[in-house]
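See below for the structure under consideration.
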Amino acid sequence: MTPDRPEDARLLDRAAPLLRWRYPLLVVAAFAFSLQHLRGTGGDWRWFVQGSELLFGTHHPYTPLPGGMHLYANYPEVQIGPLSLLLATPFRLLGRTGGRLAASLMLTAVAPALVFILERTTVAVWHDADRRLVALTTFLGGLVVVQAWSPLATIYARLDDVLLLGAITVALWAVAHRRPWLVGAMLGVGMALKPWGIVALPLVLALPRRHWWRAAGVAGAITAVAWLPFVLADPATLGAVRPQALTSSASVLGLLGVPFADAPLWVRPLQFGAALLLGSVAVARGRWGAVPLVGIALRVGLDPEVFPYYSTGLLLAALAWDLLRSPNPLPVWTLACFVMLDVAYVAVSNYDQRAVLRLVVTAAVVIGITVGQRRLQPVEA
């Protein structure tokens, strides 16, 4: 795959010196964007500290109920997977402030690494692609991703979301390289990190049919090891799946008339069910690289809350699709999602207008992915 016009080829030739340094530039940009937020204001890190303490039986006056295997039953507000809490423990031991700073720096460094994995995945899928074209798409889209990544890594310090996005990215690489065991392992790890990891499960269907059960079995086994002890110890753990949040006035649900109250019980089943169904449709249409984009878009569109860091995963997934659908000079999906969500979040203050934009993004992604003829190169044994 080469540029269609001579002027495009000349542009790529002129950009070649810059593109050779794309990853050092992305690393510098990632930390430059993050340093301004490094002190953090979101307060989400306390959930990792508190959840990690409860997992190991450490209590405070404000956490009197048993933790351990009863953690999620007694503290359903801890909406973080057990593997994330386990991995947060070394940072917690550094103290609340020191641990959050160390975690923020580590999470910032993850973004350029995931962009690199996406580029290597693209090269594996599109063997005939002009490497300069892939590099340009990667660099432009990567700049957008690392800019949007900084609040996720610093203000909110969402260890679970970052690691989940990492697991999904590696799963895409494993699909492209026909590694069913690794696909299953990454999907299982994702669900152990955060229940939202289930949205990437349709990637199993992108493998050759004879590998489906192998990948699904590995994913199921890892998920069971992570979650089953909590369910067996206290079946009330299952109730923690319900969103522990009020329905925001700026959400699509609020726009559609869901009252400002505790999120309805049907929200999670709707989100997960729609993500699995439409992700499977994307695979059936040869668009397995868009599975994370569809799943995360449905989270953005159907979640009762509208936290800004939700859009970060959407941008990474959009870059994956920009690269995997067929590398173009401009990462169109990434830029469109960035403008509609991140830029609009700053420029638009009206809650109804914000909700309309979220609805438009979700609808555009779902329709754009599930309709049309463009197909990825098939994944063969």
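The values are calculated or read from the model by the stated rules, or taken from the named source; none is laboratory data. Not measured: the values here are computed from a predicted model. All Cβ positions, even for glycine, are placed from backbone atoms using ideal geometry, and neighbour counts span all protein chains on display. The accessibility values were calculated without ligands, DNA or RNA, using every heavy atom of the protein model including side chains. Shrake-Rupley method; radii C 1.70, N 1.55, O 1.52, S 1.80 Å.
Some observations on this one:
- Helix 96-125 vs. the chain, principal-axis angle (Cα, 0 to 90°, nearest 10): 40
- Each residue of segment 297-310 is assigned a 3J(HN,Hα), and the resulting list reads 4, 5, 5, 4, x, 10, 7, x, 9, 9, 4, x, 6, 4 Hz, derived from the Karplus form 6.51 cos²θ - 1.76 cosθ + 1.60 (θ = phi - 60°), x at Gly and Pro.
- Most fluctuating residue given options Gly141, Gly301, Gly273, as computed from a GNM of the chain linking Cα atoms under 10 Å: Gly273
- Cα gyration tensor shape of segment 234-381, rounded if a/c is under 1.5, else prolate or oblate by comparing a/b with b/c: oblate
- Per-residue ellipticity at 222 nm from helix content only, as computed over the chain with -39500 (n - 2.57) for each DSSP H run of at least four residues, stands at -20000 deg cm²/dmol.
- Take the chain with all the other protein chains still there, run a 1.4 Å probe, and you get 42 Å² of accessible area per residue.
- The angle between the Cα long axis of helix 6-20 and the main principal axis of the chain comes to about 50°, on a 0 to 90 degree scale.
- Dipole magnitude of the chain about its Cα centre (Cβ charges: Lys, Arg +1; Asp, Glu -1), debye to nearest 20: 700
- Of the accessible area of the chain, computed with a 1.4 Å probe over protein heavy atoms only, carbon and sulfur atoms account for 67 percent.
- To the nearest ten degrees, helix 180-193 and the longest principal axis of the Cα atoms of the chain are 40 degrees apart.
- Chain lengthening between Thr41 and Ala233 when straightened (0.36 nm per residue, less Cα-Cα): 65.6 nm
- For the pair Val225 and Phe56, a Förster radius of 22 Å applied to the C-beta separation gives a FRET efficiency near 0.80, rounded to the nearest 0.05.
- Along its first, second and third principal axes, ordered by size, the chain spans 69, 49, 43 Å in Cα coordinates.
- When each of the peptides 107-115, 74-82, 220-228 is scored by the mean number of other C-beta atoms lying within 10 Å of its residues, the order from highest to lowest reads 107-115, 74-82, 220-228.
- For segment 63-180, a Kirkwood radius taken over Cα pairs fed into Stokes-Einstein (37 °C, viscosity 0.692 mPa s) yields D = 200 µm²/s.
- Within the chain, longest stretch free of exposed trypsin sites (Lys or Arg not before Pro) [DSSP loop, at most 13 other beta carbons within 10 Å]: 40-373
- Shown is the FRET efficiency for Ser349 and Val258, computed with R0 = 25 Å from the Cβ-Cβ distance and rounded to the nearest 0.05: 0.70.
- Integer Hz, Karplus 6.51/-1.76/1.60 couplings in order for segment 21-29, x for Gly and Pro: 9, 4, 6, x, 5, 5, 5, 4, 4
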